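Participant: Starting off with a structure, shown below.
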Amino acid sequence: MLHVFGCSFSIAHDHKNDIVGGGGMNPTFVPIEHTWTELVSKHLIGTTEHNNTALCGVGNDYIFDTFTNTLPKIQKGDYVIVQPTSFLREWMFEDRPEIANFLSAKYEVGLHINQPESDALELYRNHLYSEHKQKIVYNAFMQAFFSWAIPFGEINVKMLILPGFHTIDGVEGALIDPSHREIGNDKAVQKHMARTGGDNRYNHFSEVNHKVLANKVIDFFDNATQVDLTTDFITANKE
């Protein structure tokens, strides 16, 4: 079995209907045949069906929680992909872990949150939120994830930590970089986000780059090749 933990960079293909955008509408994504996690799953275990707990907008606390809850189900010969997200995010409402990106995302009162919750977030953001604390927590989570490499290896479980926003040892770059380069510079990215209501690409990649990413992950699991997220992706200047 392939187990995937992460944020919107790794969310399962069929989870798109769980995303609620402005006005209560589900966002419209550019259709693709398979996401990168499905392609990896198909190669490794012979089916696109895999265990994927990733959700849009969650923090590393949610990712760690789903990881630890899944540990008893991970068996000899399984594959694990942990995709950490931005350290800036924080799980605030237990029943809505996707409302963790409150520093930059806009949550609609009456749809995503109620007015008292919105007021509480604003007070927390202005008076209690600490980026320094979040960095400390992020480093603790990363140490915990890395600590599982040895016990997993002892039962022939292969694990890849694939960074979403912040670089780590063992992987070149982070997913945010080729995702943005596919569109262009920062100004082009902002225009794209505004035009599409966030991002209309599954996992923030076009179909061709899903295949590029999948091949890199497959090469890691098959041949222990270091994942390099800085090369080979199609960009706005390279068709």
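Participant: In the stretch 72-98, which residue that is within 26 Å of Glu38 (Cα to Cα) and hydrophobic (A, V, I, L, M, F, W, C) is surrounded by the fewest Cβ atoms within 10 Å (Cβ to Cβ)?
Facilitator: Taking the candidates together, the pick is Ile74.
Participant: Just give me the residues in the stretch 145-190 being surrounded by 13 or more Cβ atoms within 10 Å (Cβ to Cβ), assigned to a helix (DSSP H, G or I) and of a type outside the set (Gly, Ala, Ser), in sequence order.
Facilitator: Passing the criteria: Phe145, Phe146, Phe152, Ile176, Asp177, Pro178, His180, Arg181, Val189.
Participant: Right, another one. Do we find that Ser41 is without any contact (Cβ under 8 Å) to a residue 40 or more places away in the chain and not in a loop (DSSP other than H, G, I, E, B) in this structure?
Facilitator: So Ser41 fits the description; yes.
Participant: Still on this model: Please indicate, with yes or no, whether at least one residue in the stretch 136-144 is out of contact with any Ser or Thr (no Cβ under 6 Å at 6 or more places or on another chain), closer than 25 Å to Asn203 by Cβ and surrounded by fewer than 16 Cβ atoms within 10 Å (Cβ to Cβ).
Facilitator: Within the stretch 136-144, one or more residues are out of contact with any Ser or Thr (no Cβ under 6 Å at 6 or more places or on another chain), closer than 25 Å to Asn203 by Cβ and surrounded by fewer than 16 Cβ atoms within 10 Å (Cβ to Cβ).
Participant: When residues of the stretch 207-239 are filtered for being under 25 Å from Ile168 (Cβ atoms), not in a helix (DSSP H, G or I) and not charged (D, E, K, R), how many remain?
Facilitator: Number satisfying all stated conditions: 10.
Here, each number is a calculation from the coordinates, and none is a lab measurement. Since this is a predicted model, take the numbers as computed values, not measurements. So basically every Cβ, Gly included, is an ideal-geometry build from the backbone, and we count neighbours across all protein chains shown.
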